Amino acid sequence: MEYRNLGQTDIKVSALCLGTMTWGEQNTEQEAFAQLDRAVDYGINFIDTAEMYPVPAREETYTRTEAIIGNWLKQRGKSNDLVIATKICGPGLDYMDGGRMMTPKHIHKAVDGSLQRLGLETIDLYQLHWPDRNTNFFGKLGYMHQDGFDGTPIEETLSALDELVKAGKIRHYGLSNETPWGVMEHLRQSGEHNLPRPVSIQNPYNLLNRSFEVGLAEVAHREQVGLLAYSPLGFGVLSGKYLGGDKPEKGRITLYPQYQRYMSAESQRATEAYINLAKESGLDPAQMALAFVTSRSFLTSNIIGATTLEQLESNLKSSELNLSDTLLEEIEKIHTLQPNPAP
């Protein structure tokens, strides 16, 4: 397993990170424990979760995933060899304080809740799950500015995070579902006011959605705010299991058909081309898709997720795959013909 620096810190995280958003919904606690044991045994030292998990978010289940991880950490008896990341959700979930905002009050309350559920004294990476200002995220295109919808002032948010760092409750903070302007503004204000600097950005990135490359990749490189890529398989679409209208019994999109981001006709055509390329090259399509994400120079860690140990094993083995220059050129040809069909 390769390990990379988390931003400008001296923390080394595995190039694959274990995602957890199915635990407590599609996966039982016992299954989650088995995944954690296998991933750590393979060399993963980085685990990502969120207070709103599992997904789809529901009032009956939110915070359940953190509790599962906390139970595993308690059983394991140590956590100092792992890097644990979690997130405060943004506005929109009314059952969480009437809709979380990035205010000091909400941030302090959210951190205390996560620490209690995880059974930790300190969270290694605390992420802002999505902005509370009006901007583009979760596939929204065509930014339209609206006066009066700027959310919590960023300096106010950073001041709260600074208090938490000084209190020893978090080590570092990161962004998620952010825009180039958002990242640069966080960096500007952190520098001007001597407040914590973001060390990472967790955004979607996969063969069907490479929009991160347009503006954020340069920021990630120059400012050392590396990408933590989520949905590297596009909700499993890039494995090919949904091609031709197939609906595997326990597939995520079969169970939750509301998630259509990667299911457009254009996405299906591009997926078919990538699947054919993988098979012609003697590769597993999912492993090829994951290896492509991991190979990007602006990436810190690739967040893999699975509902079975078999899927997890396959995803882990993608770390052993090096894509040839010829194969990468063929991937670019497909991307040029059908760029970003699922932004």
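Please work out if Q268 is surrounded by 15 or more Cβ atoms within 10 Å (Cβ to Cβ), over 16 Å from the mean Cα position of the chain (by Cα), within 18 Å of I44 (Cβ to Cβ) and not hydrophobic (A, V, I, L, M, F, W, C). So Q268 fails the test.
Beta carbons closer than 9 Å, at least 6 apart along the sequence or on distinct chains, pair a first residue in region 153-169 that is over 18 Å from T122 (Cβ atoms) and at pLDDT 95 or above with a second that is assigned to a helix (DSSP H, G or I) and among the hydrophobic types (A, V, I, L, M, F, W, C) for T157/I107.
Under the condition of being in contact with a helix residue (DSSP H, G or I) (Cβ under 8 Å, 6 or more places away or on another chain), farther than 10 Å from T20 by Cα, of a type outside the set (S, T, N, Q) and in a loop (DSSP other than H, G, I, E, B), the residues counted in region 47-80 number 1.
Every condition in (1) under 21 Å from K250 (Cα atoms); (2) assigned to a helix (DSSP H, G or I) holds for L327 except the one numbered (1).
Out of M101, M96, M52, report the one residue that is modelled with pLDDT under 95, buried (at least 16 other Cβ atoms within 10 Å of the Cβ) and under 24 Å from P198 (Cα atoms).
On the way: M96 fails: under 24 Å from P198 (Cα atoms); M52 fails: modelled with pLDDT under 95.
None of the other options fit; the residue is M101.
For region 241-253, a residue qualifies if it is surrounded by 13 or more Cβ atoms within 10 Å (Cβ to Cβ) and under 15 Å from A306 (Cα atoms), and the qualifying residues are K241, P248, G251, R252, I253.
Consider region 3-27 and keep the residues that are in a strand (DSSP E or B) and closer than 17 Å to G236 by Cβ. The one that is nearest to the chain's Cα centre (by Cα) is G19.
Checking each residue of region 109-124 against the condition of being small (G, A, S), closer than 25 Å to T61 by Cβ, modelled with pLDDT of 95 or more and assigned to a loop (DSSP other than H, G, I, E, B) gives at least one match. Among residues of region 272-293 that are hydroxyl-bearing (S, T, Y), those with a beta-carbon under 7 Å from a residue that is surrounded by fewer than 21 Cβ atoms within 10 Å (Cβ to Cβ) and part of a helix (DSSP H, G or I) at least six positions away or on a different chain give the pairs Y274/I334; S281/L327. The residues of region 192-221 that are closer than 24 Å to T86 by Cα, in a helix (DSSP H, G or I) and of a type outside the set (A, V, I, L, M), listed by number, are F212, H221. Taking first residues from region 179-191 that are at positive phi and acidic (D, E) and partners that are crowded, with 19+ Cβ neighbours inside 10 Å and assigned to a helix (DSSP H, G or I), no Cβ contact under 6 Å between residues at least 6 apart in sequence or on separate chains turns up.
The values are calculated or read from the model by the stated rules, or taken from the named source; none is laboratory data. All values reported here derive from a predicted model rather than from experimental measurement. Glycine gets a Cβ as well: all are built from the backbone with ideal geometry, and neighbour counts include every protein chain shown.
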